[in-house]
1. Just wondering, is there one or more residues in the range 191-209 that are β-branched (Val, Ile, Thr) and out of contact with any Ser or Thr (no Cβ under 8 Å at 6 or more places or on another chain)?
2. Does the range 226-235 contain any residue that is among the hydroxyl-bearing types (Ser, Thr, Tyr), buried (at least 20 other Cβ atoms within 10 Å of the Cβ) and in contact with a Cys (Cβ under 9 Å, 6 or more places away or on another chain)?
3. Output the number of residues of the range 23-46 satisfying the condition of being at positive phi and assigned to a helix (DSSP H, G or I).
4. Considering each of 237, 216 in turn, give the residue that is touching a helix residue (DSSP H, G or I) at 6+ places or on another chain (Cβ under 7 Å) and either modelled with pLDDT of 90 or more or under 20 Å from residue 293 (Cβ atoms) (or both).
5. Of 166, 141, 153, 145, which residue is surrounded by 12 or more Cβ atoms within 10 Å (Cβ to Cβ), in contact with a Gly (Cβ under 7 Å, 6 or more places away or on another chain) and closer than 30 Å to residue 282 by Cβ?
6. Can you name every residue in the range 169-187 that is in contact with a Gly (Cβ under 6 Å, 6 or more places away or on another chain) and either aliphatic (A, V, I, L, M) or surrounded by 20 or more Cβ atoms within 10 Å (Cβ to Cβ) (or both)?
7. Scan the helices (runs of 4 or more DSSP H) fully inside the range 174-291 and keep the ones with 1 or more residues being assigned by TED's automatic domain parsing to the domain that holds residue 117.
8. Cβ-Cβ under 7 Å, sequence separation 6+ or interchain: first residue in the range 228-246 and free of Cβ contacts under 8 Å to residues at least 60 places away in the same chain and closer than 21 Å to residue 145 by Cβ, partner of a type in the set (Val, Ile, Thr) and crowded, with 19+ Cβ neighbours inside 10 Å. Which pairs?
Amino acid sequence: MADLDNILIFVKVAQFESITRAARSLGTPISTVSRRLSVLESELGVSLLRRTTRRVTLTAQGRAYFSRCQEPLNLLQEAEQVLTRAQRRPEGLLRITVPVIVLQEPFFNFMSAFMKDNARIRVELVVTNLLLDLIAENIDVAIRVGELQDSSVVARRLGTGAYCLVAAPEYLKGRVLPAEPADLKSHDCVMFNAKNNERDWDLVSGRRKVRVHVSGPVASRDINSASAFVHRGHGIGLLPSRYCEEAIAKGKLIRVLPKWTSSPIPVFALYPTRKFLPLRLSVFLDALVAWKDPLWIRE
């Protein structure tokens with residue numbers, strides 16, 4: 001197959017019917033254009049152009065070749081323009097995966113504002129607690145809560161979160177409030193990601209750290225359902241602080257052992273590579289960092 005650069009030069013010369021004007025359009029010396037045309041004719045074994053001192057005209061073979069080359073070259077140039085335009089203004093499909101815990105009103109408000117500010121970006125949310133393979137699943141960015149297990153992707157730390165101990169007034173009525181973490185052993189607890197309705201909770205208060213084994217009537221791998229059972233009075237839950245702030249303010253939940261929380265939990269934005277970052281992803285990451293009311297604590 002002939003060199004594509006030589007074919008492009010030929011098409012430009014045919015369009016302008018002038019080597020000089022084609023060279024000026026391409027930003028290439030006239031001598032180089034003439035030489036590359038000769039190379040192309042030698043490769044094809046035909047004469048494509050008739051050259052005179054005033055103009056350049058196509059031979060019969062040249063006209064046939066030009067008619068077949070022009071359209072695919074235009075398509076290639078259009079494809080290149082689409083890519084370069086996408087890097088000048090944010091547009092295209094942005095696939096984001098988030099865990100269930102992120103699906104809260106502040107996140108919906110953030111995403112809504114982002115899409116209104118970037119009307120050319122289309123968003124597809126993949127909501128799952130599974131740790132998807134970003135490349136295999138064609139995911140642009142993942143928001144992950146917790147320590148990272150995959151070192152093959154780029155991680156941008158967004159901040160930290162923490163869990164607090166809460167219970168519904170219905171559950172606490174007539175019961176003695178825990179005074180120390182060890183007292184949780186005598187209470188019903190609603191657990192997230194438990195095994196056989198038992199698990200260990202790691203709690204911190206300043207420099208103090210304890211691990212307490214808890215159990216209870218209900219456990220779930222979904223934070224929303226665990227929260228629902230806490231709200232309905234089935235026990236004390238260890239829930240994300242931002243997740244239950246409003247309920248605490250309205251008296252629907254009560255802090256238990258308010259000086260104790262979980263250890264800080266890191267929050268990351270993960271994406272497949274640093275190289276040639278699509279502009280739509282770059283502006284989304286910038287928006288995440290600038291989010292005025294994030295679901296995590298900035299560091």
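The values are calculated or read from the model by the stated rules, or taken from the named source; none is laboratory data. Only a predicted model underlies this, so the values are computations on that prediction, with no experimental measurement involved. Cβ placement follows ideal geometry from the backbone for every residue including glycine, while neighbour counts extend to all protein chains displayed.
1. Here is the first cut: in the range 191-209, the residues β-branched (Val, Ile, Thr) are 204.
From what is left, the residues that are out of contact with any Ser or Thr (no Cβ under 8 Å at 6 or more places or on another chain) are none.
No, the range 191-209 contains no residue that is β-branched (Val, Ile, Thr) and out of contact with any Ser or Thr (no Cβ under 8 Å at 6 or more places or on another chain).
2. At the first step, the residues of the range 226-235 found to be among the hydroxyl-bearing types (Ser, Thr, Tyr) are 227.
Filter once more, so that each one left must be buried (at least 20 other Cβ atoms within 10 Å of the Cβ): 227.
Now restrict to residues that are in contact with a Cys (Cβ under 9 Å, 6 or more places away or on another chain): 227.
The answer is yes, given that some residue of the range 226-235 is among the hydroxyl-bearing types (Ser, Thr, Tyr), buried (at least 20 other Cβ atoms within 10 Å of the Cβ) and in contact with a Cys (Cβ under 9 Å, 6 or more places away or on another chain).
3. 0
4. Details: 216 fails: touching a helix residue (DSSP H, G or I) at 6+ places or on another chain (Cβ under 7 Å).
Only one candidate qualifies: 237.
5. Details: 166 fails: closer than 30 Å to residue 282 by Cβ; 141 fails: in contact with a Gly (Cβ under 7 Å, 6 or more places away or on another chain); 153 fails: in contact with a Gly (Cβ under 7 Å, 6 or more places away or on another chain).
Just one listed residue meets the conditions, 145.
6. Narrowing the range 169-187 to residues in contact with a Gly (Cβ under 6 Å, 6 or more places away or on another chain): 170-171.
Hit for the range 169-187 is 171, nothing else.
7. Where helices (runs of 4 or more DSSP H) fall fully within the range 174-291 and carry at least 1 residues being assigned by TED's automatic domain parsing to the domain that holds residue 117, they are 279-290.
8. From residues that are free of Cβ contacts under 8 Å to residues at least 60 places away in the same chain and closer than 21 Å to residue 145 by Cβ, the pairs are 229/190; 229/218.
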